[in-house]
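The values are calculated or read from the model by the stated rules, or taken from the named source; none is laboratory data. Small disclaimer: the values here were computed from a predicted structure and weren't measured. Cβ placement follows ideal geometry from the backbone for every residue including glycine, while neighbour counts extend to all protein chains displayed.
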Amino acid sequence: MLTANEIRDSFVKFFESKGHQIVPSAPMVIKDDPTLMFTNAGMNQFKDIILGNHPAKYKRVTDSQKCLRVSGKHNDLEEVGHDTYHHTMFEMLGNWSFGDYFKKEVIGWAYEYLVEVLKLDPKDLYVTVFEGSPEEGLARDDEAAGYWGQFFPEDHIINGNKHDNFWEMGDTGPCGPCSEIHIDSRSAEEKAAIPGRELVNKDHPQVIEIWNLVFMQYNRKADGTLEPLPAKVIDTGMGFERLVRTLQGKTSNYDTDVFQPIIKVIGDLSGKKYGDDEKTDVAMRVVADHIRTIAFSITDGQLPSNAKAGYVIRRILRRAVRYAYTFLGQKQAFMYKLVPVLIENMGGAYPELKAQQALIEKVMKEEEESFLRTLETGIRLLEKTMNETKAAGKTEISGVDAFTLYDTFGFPFDLTELILRENGLTADVKGFEAEMQKQKERARNAAAVETGDWVTLKEGETTFVGYDYTEYETSILRYRQIK
Ligand code: ATP
Ligand code: MG
Ligand code: MG
Ligand code: MG
């Protein structure tokens, strides 16, 4: 079985053998682009080449790019920990052609790499092609479908709509159809019962997208019309952790050697065992995922803070601390203790991580301790409220009190409920939701408007707002289901 590190190498070496230059990952934190805080796709670092502002040093390049999807157009944070294939930080394997090869070559190589090199069974693969958009005068991508048809039977080639199969950089600029490759890793019985093609793009945890091949062939002008792009571009992105999981025969990214060593240490430190209990498992996944984001972010020069990118990182760290506190019994700083195992795992591919080990551990420990103090203050407040409630002969605390704990002390609702339950009390859920709704309306006015891959912040906006509210709505819903 190939290890994760071997798989990463095999990808870039494969494309090197096809004349690509291997380039390093760009930093995950972006410092000089007011429209984007974090790299969210492999192509970000090539934006100027694609736009024609910069000549391409190499016409064919390949790499593994550190990406983060927690804000803006791509925000997967709510899923992380609950599903098994979206991460905050992940690696995107990619290959590019800047005005060189196009659909025929990239489709052939994608097939060659997955089926001939990695020996995936083509019966488990499904590919999508753009179905066309008559109102824009765009035909179906028969060209791509034709190339795929050399490798796959008709029932493995699926038409996809504009949302899934037409990529645009923003309101204007390069764009074009794309083909995505999906893999069905269900059991034989499940495959026999429902054909995989019916589950593509349906959020099935065992029928997942692994690779997106984008064929940029148009330029969208300011008036909205399309013209052919003079130098066509191939831009591909494959989810590294998803590929590893597939090749290692696992049903969850967290069962691979990318995450298992971290999860093992979390288990040793907390005395919990992964796989014993769904709530603990979610918490372990959240911590194992978020530690990577925080470590890589600090390495790339973004410390937790109260504004912009720093605030995003601070909130991710706090999300992990809350899960660890609530479900893993961690009342002391503990995430910083996971840094050595992370570095052991990833320091080879990303030596910058090793170089910053001392800083990462120090910053993380301080952040954890400071947030834990806030949590403890909140707990004292909650104790006072509980005593008052009991003294008044009641069993329920008000929605306003629960919301104050959430809003001021960072208490997720389920943490408040957990503590209340231990004391034979409950909280007014409806009242809490009403407060949340009011807060949401306040936040909506300040929220960022986003249209594309680059336009992420409104001018003058300094803080990141938005995800906590929906995150907690989701967590309340989930919590109710569990109950
Ligand atoms: P999905 O539909 O699963 O959310 P996507 O269509 O948003 O993925 P793309 O923007 O096409 O993803 O990115 C290219 C590849 O990166 C995807 O095919 C997938 O394998 C991987 N990927 C995307 N988002 C994540 C994530 N949050 N965590 C891990 N891998 C991801
Ligand atoms: Mg997505
Ligand atoms: Mg998708
Ligand atoms: Mg995609």
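I'd like the full set of residues that are crowded, with 18+ Cβ neighbours inside 10 Å and over 38 Å from the mean Cα position of the chain (by Cα), limited to the range 387-424.
389
Kindly indicate whether any position in the range 210-221 is in the same structural domain as residue 8 (by TED's automatic domain parsing), assigned to a strand (DSSP E or B), β-branched (Val, Ile, Thr) and more than 24 Å from the chain's Cα centre (by Cα).
Step one: list which residues in the range 210-221 are in the same structural domain as residue 8 (by TED's automatic domain parsing), which gives 210-221.
Filter again for assigned to a strand (DSSP E or B), leaving 210-220.
Within this subset, residues satisfying the condition of being β-branched (Val, Ile, Thr) are 210, 214.
Add one more test, that the residue is more than 24 Å from the chain's Cα centre (by Cα), and what stays is none.
Checked against the condition, which is being in the same structural domain as residue 8 (by TED's automatic domain parsing), assigned to a strand (DSSP E or B), β-branched (Val, Ile, Thr) and more than 24 Å from the chain's Cα centre (by Cα), the range 210-221 yields no hits at all.
For the range 224-241, name all the residues that are farther than 11 Å from residue 93 by Cα and outside any strand (DSSP E or B).
Looking only at the range 224-241, we keep the residues that are farther than 11 Å from residue 93 by Cα, and these are 224-234.
Listed by number, the residues that qualify are 224, 225.
Please go through the range 114-146 and give me each residue that is within 30 Å of residue 248 (Cβ to Cβ), surrounded by fewer than 21 Cβ atoms within 10 Å (Cβ to Cβ) and out of contact with any strand residue (DSSP E or B) (no Cβ under 6 Å at 6 or more places or on another chain), ordered by number. So that I can check it myself, show each step before the final result.
In the first step, residues of the range 114-146 are kept if they are within 30 Å of residue 248 (Cβ to Cβ); the result is 114-129, 144.
Imposing the further condition that a residue be surrounded by fewer than 21 Cβ atoms within 10 Å (Cβ to Cβ) reduces the set to 115-124.
Those that are within 30 Å of residue 248 (Cβ to Cβ), surrounded by fewer than 21 Cβ atoms within 10 Å (Cβ to Cβ) and out of contact with any strand residue (DSSP E or B) (no Cβ under 6 Å at 6 or more places or on another chain): 115, 116, 117, 118, 119, 120, 121, 122, 123.
Regarding residue 58, is this residue part of a helix (DSSP H, G or I) and more than 16 Å from ligand 4 (Cβ to nearest atom)?
Details: part of a helix (DSSP H, G or I): no; more than 16 Å from ligand 4 (Cβ to nearest atom): yes.
Considered against the rule, which asks whether it is part of a helix (DSSP H, G or I) and more than 16 Å from ligand 4 (Cβ to nearest atom), residue 58 comes out as no.
Among the residues of the range 156-175, how many are within 23 Å of residue 109 (Cβ to Cβ) and away from ligand 3 (no atom under 16 Å from the Cβ)?
Of the residues in that region, 4 qualify.
Restricting attention to the range 275-282, does a residue exist that is touching a helix residue (DSSP H, G or I) at 6+ places or on another chain (Cβ under 7 Å), more than 16 Å from ligand 3 (Cβ to nearest atom) and in a loop (DSSP other than H, G, I, E, B)?
Within the range 275-282 (the criterion being touching a helix residue (DSSP H, G or I) at 6+ places or on another chain (Cβ under 7 Å), more than 16 Å from ligand 3 (Cβ to nearest atom) and in a loop (DSSP other than H, G, I, E, B)), the answer is yes, since at least one residue qualifies.
Does residue 12 count as crowded, with 19+ Cβ neighbours inside 10 Å and part of a strand (DSSP E or B)?
Details: crowded, with 19+ Cβ neighbours inside 10 Å: yes; part of a strand (DSSP E or B): no.
It is false that residue 12 is crowded, with 19+ Cβ neighbours inside 10 Å and part of a strand (DSSP E or B).
Kindly provide the set of residues from the range 59-89 that are on the phi > 0 side of the Ramachandran plot and near ligand 1 (Cβ under 9 Å from one of its atoms), ordered by number.
Correct list: empty.
Kindly list the number of the only condition in (1) at pLDDT below 95; (2) under 18 Å from residue 333 (Cβ atoms) that fails for residue 303.
Residue 303 satisfies all of (1) at pLDDT below 95; (2) under 18 Å from residue 333 (Cβ atoms) except (1).
Out of everything in the range 190-209 that is under 28 Å from residue 176 (Cα atoms) and in a helix (DSSP H, G or I), what residue ends up being farthest from ligand 4 (Cβ to nearest atom)?
Per the stated criteria, the residue is 198.
Every residue in the range 172-190 that is in contact (Cβ under 8 Å) with a residue 60 or more places away in the chain and among the aliphatic types (A, V, I, L, M), please.
To start, the set of residues in the range 172-190 that are in contact (Cβ under 8 Å) with a residue 60 or more places away in the chain comprises 173-174, 179, 181, 183-185.
181, 183, listed by residue number.
Return the total of residues in the range 256-274 being outside any loop (DSSP other than H, G, I, E, B) and under 14 Å from residue 87 (Cβ atoms). Explain how you work it out, then say what you get.
Just the residues of the range 256-274 that are outside any loop (DSSP other than H, G, I, E, B), to begin with: 260-270.
Now restrict to residues that are under 14 Å from residue 87 (Cβ atoms): 262-263.
Here the count works out to 2.
Please find, within the range 153-183, the residue that is farthest from residue 250 (Cα to Cα) out of those that are buried (at least 17 other Cβ atoms within 10 Å of the Cβ) and away from ligand 1 (no atom under 15 Å from the Cβ). Give the steps one after another, and end with the answer.
First, pick out the residues of the range 153-183 that are buried (at least 17 other Cβ atoms within 10 Å of the Cβ): 156-158, 160, 164-169, 173-183.
With away from ligand 1 (no atom under 15 Å from the Cβ) added as a condition, the list becomes 156-157, 173-174.
Details: 156: 23, 157: 25, 173: 39, 174: 37 Å.
Only one residue tops the list, namely 173.
Looking only at the range 184-228, count how many residues are surrounded by fewer than 18 Cβ atoms within 10 Å (Cβ to Cβ) and within 16 Å of ligand 2 (Cβ to nearest atom).
If we filter the range 184-228 for residues that are surrounded by fewer than 18 Cβ atoms within 10 Å (Cβ to Cβ), which is where we start, we get 187-195, 197-198, 202-206, 221-228.
Applying the additional criterion that residues be within 16 Å of ligand 2 (Cβ to nearest atom) yields 202-205.
Result for the range 184-228: 4.
Could you grab me the full set of residues in the range 197-213 that are of a type in the set (A, V, I, L, M, F, W, C) and more than 8 Å from ligand 1 (Cβ to nearest atom)?
Quick first cut of the range 197-213, residues of a type in the set (A, V, I, L, M, F, W, C) only: 199-200, 207-208, 210-211, 213.
Once the filter is applied, which keeps residues that are of a type in the set (A, V, I, L, M, F, W, C) and more than 8 Å from ligand 1 (Cβ to nearest atom), the range 197-213 yields 199, 200, 207, 213.
Name the one entry in 336, 325 that is touching a residue at least 24 places away in the same chain (Cβ under 8 Å) and in contact with an Asp or Glu (Cβ under 6 Å, 6 or more places away or on another chain). So that I can check it myself, show each step before the final result.
On the way: 325 fails: in contact with an Asp or Glu (Cβ under 6 Å, 6 or more places away or on another chain).
Just a single option satisfies the conditions, and that option is 336.
For every residue, the table says whether it meets (1) of a type in the set (S, T, N, Q); (2) modelled with pLDDT of 95 or more; (3) within 13 Å of ligand 2 (Cβ to nearest atom).
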residue	(1), (2), (3)
63	no, yes, no
67	no, yes, yes
74	no, no, yes
82	no, no, no
91	no, yes, no
